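Quick note: the coordinates plus some simple rules give every number you see, no bench work behind them. What you see is a predicted model; the values in this text were computed from it and never measured. When we count neighbours, we look across all protein chains shown, and the Cβ atoms used for this are built from the backbone with ideal geometry, even at glycine.
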Amino acid sequence: MRSTLPQSSNRAAAVLSRRKLLPAVVLLLHLSAIHAKAETLQVTIEKMAFSPVSIDAKIGDTIEWVNKDFLVHTATVKEGWEVMIPAGKSASLVLTSVGTVQYYCRLHPNMKASLTVKP
Ligand SMILES: [Cu+2]
């Protein structure tokens, strides 16, 4: 009755192949996480102010400005992009470049905020 030896070596072989498989599984999970990560981040505009006043995002994320005022506002970057946000409505922008930008409302230049986009 010495059947324990081949059994235990079979178990060792199974553990070994699981070890080889693990890095591949981890890589796949990692890749799918990158694609699933894009988020929509809201910035509220109320009483002539952006909130939050500074926001961190990643490439591929969407910023959605929700305008609760009865006035038209914009999110404008000098020599860059501009998003017009009608009164009581929202507008959005998909982030495609990395960096920190200061933006403001072109119609009410006291309204200022910043946006940092990371890779
Ligand atoms: Cu404004």
In which sequence would Asp56, Asp69, Asp61 go, from the one with the fewest C-beta neighbours within 10 Å to the one with the most?
Asp56, Asp69, Asp61
For a quick check: with amide H placed at 1.01 Å from N, whose amide H comes under 5 Å from Ser54's, ignoring anything fewer than 5 positions away on the same chain?
Ser114
When the scattering of segment 40-119 is computed by the Debye formula from its Cα atoms alone, each counted once and equally, what is log10 I(q)/I(0) at q = 0.16, 0.25 Å⁻¹?
-0.50, -1.25
Which cross-chain or sequence-distant (5 or more) residues have an amide H under 5 Å from the amide H of Ala91, H modelled 1.01 Å from N in plane?
Trp65, Asn67
Loop sites in segment 41-119: GluC sites (Glu not before Pro), DSSP, at most 13 other Cβ within 10 Å
Glu79
Amide H of Leu41: which non-local residues (sequence gap of 5 or more, or other chain) have their own amide H closer than 5 Å, using H built in the peptide plane?
Thr62, Ile63, Glu64
Amide N of segment 80-119 lying under 16 Å from the label point, which is placed 7 angstrom from the Cα of Ser54 along Cα→Cβ:
99-104, 112-118
Assuming R0 = 22 Å, can you tell me the calculated FRET efficiency for the pair Val72 and Gln42, based on Cβ-Cβ distance, to the nearest 0.05?
0.75
Once the other residues with Cβ under 10 Å from the Cβ of Lys47 are scored (Lys, Arg +1; Asp, Glu -1), what is the net sum?
-1
